[in-house]
């Protein structure tokens, strides 16, 4: 389990770095900050203006939550995938399932993001690639941890 959790954290850190770099490049908050703000608003918590870059505190909360989700996903991988499964096959299937669960089902059901089928092809492609890589890195972490 530790290897899959570590793999999920490494992949989550990579995506976090990409999101934060995008904020610096565009001067706009990342998609994950927007999701965090919509969630906070649903809970009655005051949030910064939608176009404001996150403060250090908000960034820590947002990215910390993202990393916790990444670790939890790694634990789910470890609990549901056989140790002998191939890294590529299991990683791609897991990444696709995680993408579907978060972007196509959970986010829209919670009302914090529009349904993914309403997104443009570029966004769907980016999310697909990010989650495929997430699944592969998680699977690789799990596989490396089983080697003796």
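Rounded to the nearest 10 degrees, what's the angle between the helix 56-80 long axis and the longest principal axis of the chain, both from Cα atoms, 0 to 90?
Tilt of helix 56-80: around 30 degrees.
Full extension from residue 88 to residue 126: what is 0.36 nm times the residue separation minus their Cα-Cα distance, to one decimal in nm? Before the final figure, lay out each step's value.
On the way: separation 38, 0.36 × 38 = 13.68 nm, distance 1.89 nm.
Working it through step by step, the gained length comes to 11.8 nm.
For 128, 30, 86, what's the fewest-to-most ordering of other Cβ within 10 Å of each Cβ? Could the numbers behind the result be given before it?
Working: 128 15, 30 23, 86 12.
So the residues, fewest neighbours to most, are 86, 128, 30.
Any idea what angle helix 31-42 forms with the longest principal axis of the chain, computed on alpha-carbon atoms, 0 to 90 degrees, nearest 10?
That works out to roughly 60 degrees.
What does the extension gain come out to for residue 18 and residue 101, with contour length at 0.36 nm per residue minus their alpha carbon separation?
On the way: separation 83, 0.36 × 83 = 29.88 nm, distance 2.14 nm.
Roughly 27.7 nm would be gained on extension.
What ranking of 104, 117 emerges when the number of other C-beta atoms within 10 Å of each C-beta is taken as an exposure proxy, fewest first? Walk me through the intermediate numbers first.
On the way: 104 16, 117 9.
Ordered from fewest to most neighbouring Cβ atoms within 10 Å, 104, 117 come out as 117, 104.
For Cα pairs less than 8 Å apart in space and 6+ apart in sequence, what is the mean separation divided by the residue count of the chain, i.e. the relative contact order in percent?
With pairs under 8 Å counted, the relative contact order is 42 percent.
Which value does Rg/Rh take for the chain over its C-alpha atoms, Rh per Kirkwood?
0.99
So how tilted is helix 87-99 from the main axis of the chain? Cα-based, degrees 0 to 90, rounded to 10.
30 degrees
Which order do 77, 99 fall in if you start with the one that has the fewest other Cβ atoms within 10 Å?
On the way: 77 28, 99 20.
So the residues, fewest neighbours to most, are 99, 77.
Bear in mind these aren't lab numbers, they're just calculated from the coordinates by the rules spelled out. The shown structure was predicted, so the numbers you read here are calculated from the model rather than taken from an experiment. Because the Cβ atoms are built from the backbone with ideal geometry, glycine has one as well, and the counts that use them run over all protein chains shown.
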